[in-house]
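See structure below.
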Amino acid sequence: MVRKGRYGGTYAYKDIAFEFGTAISVPFKLYLIEEFQRLKEQEQARLGWSAKRELSKINYRIHTDAIKHNLVPSEVTPQQANRIYASEADVLNVALFGMTAAEWREAHPDLKGNIRDYAGINELICLSNMESLNAVFINEGLPQRERLIKLNQIAIRQMQILEDTHTGLFGRTLIK
């Protein structure tokens, strides 16, 4: 678009301007491509972090509610109740990761956060499923040892399914 007179000039939409810039300058074109790729990577990293955070919250409430109503006696102190919640969180940690939160912290003193902060998306999906299942098992009155064994078997199977990159939905081969 061209405007005449005072404050006039030649104006172009950004897409046209970018195309013109890339046509007259190879370095500008490379810069534009690199910046676009960098911004897309940042966007994906933010989305991945957000998805992981949301996954970790999905069944947390269901799990903690089952613990509260079935395993925490009303007579215990808040500190004792916290130990019960931590013990149940460690049931899930041991079933999926093979170690308690304390064992993980001891093995990784240089890392901040907890074992779940470093879990992959497949592990978080499995963990979310296990929270829901453990809530069911708690409501059914299964002892912790039996729940741990069942949850470990479930975790192994789910991780095998989630990490099988060779087959897609309905068992179709994706990669040869």
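Of everything in region 134-165 that is touching a residue at least 60 places away in the same chain (Cβ under 8 Å) and not aliphatic (A, V, I, L, M), the residue that is nearest to Leu96 (Cα to Cα) is Asn134. Residues in region 91-137 that are β-branched (Val, Ile, Thr) and either outside any helix (DSSP H, G or I) or out of contact with any Gly (no Cβ under 8 Å at 6 or more places or on another chain) (or both): Val91, Val94, Thr100, Ile115, Ile125, Val136. Does Glu131 fit the bill of being at pLDDT 90 or above, under 22 Å from Thr64 (Cα atoms), surrounded by fewer than 17 Cβ atoms within 10 Å (Cβ to Cβ) and of a type in the set (D, E, K, R)? It is false that Glu131 is at pLDDT 90 or above, under 22 Å from Thr64 (Cα atoms), surrounded by fewer than 17 Cβ atoms within 10 Å (Cβ to Cβ) and of a type in the set (D, E, K, R).
The values are calculated or read from the model by the stated rules, or taken from the named source; none is laboratory data. These numbers were taken from a predicted model, which means no experiment stands behind them. Quick reminder, even Gly has a Cβ in these numbers, built from the backbone with ideal geometry, and neighbours come from all protein chains shown.
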